[in-house]
1. Evaluate the charge dipole of segment 1-127 about its Cα centre and quote only its size in Debye, nearest 20, assuming +1 on the Cβ of each Lys and Arg and -1 on the Cβ of each Asp and Glu.
2. To the nearest 10 degrees, how steep is helix 97-114 against the longest Cα principal axis of the chain, on a 0 to 90 scale?
3. Counting alpha carbon pairs within less than 8 Å and at least 6 residues apart, what relative contact order, in whole percent, applies to the chain?
4. Would you calculate, for the chain, the mean residue ellipticity at 222 nm contributed by helices, counting each DSSP H stretch of 4 or more residues as -39,500 (n - 2.57) and dividing by all residues, to the nearest 500?
5. Compute the relative contact order of segment 215-359 as a whole-number percentage, counting only Cα pairs closer than 8 Å that sit 6 or more residues apart in sequence.
6. If you roll a 1.4 angstrom probe over the protein chains with everything in place, what fraction of the accessible area of the chain belongs to carbon and sulfur, to the nearest %?
7. Leaving out ligands and nucleic acids, and using a 1.4 Å probe, what accessible area per residue does the chain come to in Å²?
8. For Glu392 and Glu137, FRET efficiency with R0 = 35 Å and r from the beta-carbon atoms, rounded to 0.05?
Amino acid sequence: MKYKAIQNYIGGQFVNASNTNTMDVISPLDGNHLSTVPMSSAKDLDDAVKAAQAAFPGWSKTPIKERVQVFFRYKTLLEENLKELAELCSEENGKTYGESVAEIEKCIELTEFATSLPQLITGELLEVSKGVECRTEHVPLGVVASIVPFNFPAMVPNWTIPNAIALGNCMIIKPSEKVPLSCGRLAELLKEAGLPDGVFNVVHGDVDIVNAICDHPNIEAVSFVGSTKVAKIVYQRATSNYKRCLSLGGAKNHLLVLPDAIPDMTAQNVAASMSGCAGQRCMAASAMIGVGNVDAIVAKICDEARKIIPGQNLGAVINKESQQRIESYISQAEKDGAKILVDGRNTKVAGKENGTYVGPTVIDFVTPEMSVATEEIFGPVISIIRTKTVDEALAIENKNPYGNAASVFTQNGGMARYIIDKASAGMIGVNVGVPVPREPFSFGGWNESKFGVGDITGKSSIEFWTKLKKALSNGMPKQA
C-alpha cells in the first residue's frame, strides 16, 4: 500500500472513522494498491456537521473581502503544488499526466473566480420613495454539502469549494470512494491557506453517507455530480427533506458534422472529444451525427483515433467493471449490425498489464435505437449515425433524454445559428468538440442532465449558495 490509510477530515484534523469497514483504493493505471478508504457512518457525518456548525457563526460574520484572502493564498498553493496534485490525480483516476495538469489548472481558474465574488455580490440600494430605502444582501445558508464523482478528483470538488465557502458557508464534501486521495490533499492546502478549522470537512464513504447527507436536518443545501440515475435519487431525497439541491447527471452528447466541415480540424476535435479523460467526462462526444456525405471526415477521424495510444496519450478507465461494461457496448453494437472501424477492445499496456484500458473506438452505421446511440457509455467510444438532413440530425439529438452538450461542425454561420437555436442542450459548441464554458460563465446542462435551478459554477452559483435578504427602511435611525 503506497499511501497510509485514508482518514476523514473533521474540525481541521484527520480522524479515524467510527467503524472499521474499509475499501481498497486501486490505481487504474497499473492495478497497484494505493490505500484504503473508510466507509464512514452517520455518526461521522454528524460529527462533521457539528464541527461546521461551530465554525459557521465566526466564518459567516467575517467580511467577504477577508474570506476571499484565503482563496488568494489557496490559488497560490495550487500553483506551487500543481505537479504533485496532477500526479496524485493521475494515479488514483487513471487519466494522463497532461490531462491531470489541465484539471489542476481548471481548479486554479475556479479559485480565481471565487476571489472576485466581493465585486459580484455588492447588493443593491435604492431610494424607492422620499426618505424610504430598499436594500438587498446575499446571506450564507449555513452548513452545505457536496457529493462528487470519480472522474475529476480535484476539479469537481473545486466547482463548489471556493464559491460556497467564500460566500460564507461551511462545507462537508463526500468524495468518490474510488478516488479519495485528492480531497484530503485539498483539505491540507486549504488549512495552509488559513481557512479556519471546521469550515471545510471531508467524510468518506459510500451510499450510506450520501443518504445521511440528504437526510441530515442541519445540512441546508446539497450539490451532487454523477450518473442521472443517482442524481434523480439524490435530488428527490434531498428536496423531500426541504433542502436546496442541485444535482448534475449524465449525458449523451451529439456532434453534428455537416459536409462543409473542415476535415482535419473536425477529425481532430471529434477524436479528442471522445477520448479525452478516456471518455469519462459528461462533456465527452459520445455520438456523431453525419449529415450527408461525410465519408472523408469519418476516414480522418479513424486516422486520428489510431494516433491515440493507451498508456501514452490515452489514460485508463476507472476499474475492471467499467472496462467490461464499455467493451460490452462495443460488442453489442457489432451484433446489432454496426461496423467497428477502430476497435479498442482487449487492450493491454506493456508493463501495466493490470491496468484497465480501453482503446479508442469508432463505430459507424449506428442506428438511433441501438444502445450505443442512446445510453451513456463513459468510455473512449464514438458512435456515428448517418442522416440526410440537419433537421433529421436535430430530431435525433433532441429526442435523447439528456441535455448537457451538443456541437456542430460547419463553415456556414447561418446553419450554426440554426443549430444553436434548435438543439436541446445547455451548452452548445460551434467547431468545438468540448463546449465547456470558462469562468465567469456557468457550467450546467438541461433536461435529464440537471435537476434543480441554476448552475453549479460561475455567477449562477451565487444564487444557489446564498439567500437574499431585503431590508426596507423609512429613515434609518441613528445607532446608539
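1. In total the dipole reaches around 440 debye.
2. 30
3. 18
4. After summing the helix terms and dividing by residue count, I get -12000 deg cm²/dmol.
5. Computed over segment 215-359, the figure is 18 percent.
6. 52
7. 41
8. Here the calculated transfer efficiency is 0.10.
The values are calculated or read from the model by the stated rules, or taken from the named source; none is laboratory data. All values reported here derive from a predicted model rather than from experimental measurement. Here Cβ is always computed from backbone atoms with ideal geometry, including for glycine, and neighbour counts include all displayed protein chains. Ligands, DNA and RNA are stripped out before the accessible areas are found, and what is left, the full protein with its side chains, is counted by its heavy atoms. Shrake-Rupley method; radii C 1.70, N 1.55, O 1.52, S 1.80 Å.
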